[in-house]
Amino acid sequence: MNSVNDAHGFRSVGADAREFRTVGAVARLADVSVRTLHHYDAVGLVVPSGRTGAGYRTYSDDDVERLFAVLAYRELGFPLDEIRTLLDDPAADALTHLRRQRDALADRIDHLQAMATAVDTLIEERTMGQQPTPEQLREIWGDDWTGEKYEDEARERWGETEAWAQSRERTARFTTDDWTTIKAETEALEADCAAAMAAGVRPGEPAANALAERHRLSIDRFYDCDHAMQVCVSGMYVADERFRAHYDARAEGLAQWLVEVIAANAAEHGG
């Protein structure tokens, strides 16, 4: 029988044979190295179903599906031995694995969201010229991040967010005069916002939009802050009681007013 390889690395043998992907094609498809595929084969994790006449590995659609299941579990931090046990469970089908992975991802998302909120909170604290006490830091980080509990894992899996890296890089260059200026500008911005709210300025009006832009730029000097990011940050002003208390101490209702002003301005900019 004649065999052919197409441009995608598929190999078919005879009219009734199913198509198989070569190891190179699968490596490109899954964005892994050929060496990784060879290792997975050697440890019995993803064993290719076919071989060419010359003895080269070929992968069926089921093999590729198993590979992606392995990669998903690896991304979630499962060790290879545990992944093999899970995938070889005769009582678990592909849908079972997908549901299990979805649950694990939901837990990861919740954890990352808690981390992101904590980082945003600390950035906002520094923006307002405040230095949290150790007790406040513990409260901000909460139970999802205590000391070095997740530090090594976070560095290995996710690294640092671009915003946090930018903030650390930029603030490292700030002088005492810079911090004094930032504190004065922040004070002036909050005073102007309180005055605008007292004067009846409504979200979406030009004066309100101008204040929203000043607010966005006050964050942008720490890290790149587009309108969508600004909306996310402002959510803390009502979700976090400390921020709400800070703004409402200047003018009752200022936290909510500022959130609405930022949202209206962002909507005009497509944020």
Residue that is surrounded by the most Cβ atoms within 10 Å (Cβ to Cβ), among those in segment 212-250 that are touching a Phe, Trp or Tyr at 6+ places or on another chain (Cβ under 8 Å) and among the hydrophobic types (A, V, I, L, M, F, W, C) | Phe243
Taking segment 212-271, which residues are of a type in the set (Val, Ile, Thr), within 22 Å of the chain's Cα centre (by Cα) and farther than 21 Å from Trp179 by Cα?
-> Val231
Lone unmet requirement of (1) without any contact (Cβ under 8 Å) to a residue 60 or more places away in the chain; (2) in a loop (DSSP other than H, G, I, E, B) for His38 = (2)
Do we find that Ile109 is part of a helix (DSSP H, G or I), over 22 Å from Ser49 (Cα atoms), hydrophobic (A, V, I, L, M, F, W, C) and not assigned by TED's automatic domain parsing to the domain that holds Val233 in this structure?
-> yes
Under the condition of being of a type in the set (Ser, Thr, Tyr) and modelled with pLDDT of 80 or more, which residue from segment 141-196 is nearest to Arg214 (Cα to Cα)?
-> Thr186
Assess whether Phe243 counts as being assigned to a helix (DSSP H, G or I) and at pLDDT below 85.
-> yes
Selection from segment 196-249 of residues that are among the small types (Gly, Ala, Ser) and within 27 Å of Ala172 (Cβ to Cβ) = Ser218, Ala228, Ser234
Please work out if Ala27 is outside any helix (DSSP H, G or I), farther than 20 Å from Asp88 by Cβ, of a type outside the set (S, T, N, Q) and free of Cβ contacts under 8 Å to residues at least 24 places away in the same chain.
-> no
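The values are calculated or read from the model by the stated rules, or taken from the named source; none is laboratory data. In this text the structure is predicted, and so the values were computed from the model without any measurement. Every residue, glycine as well, gets a Cβ built from its backbone with ideal geometry; the counts of neighbours run over all protein chains shown.
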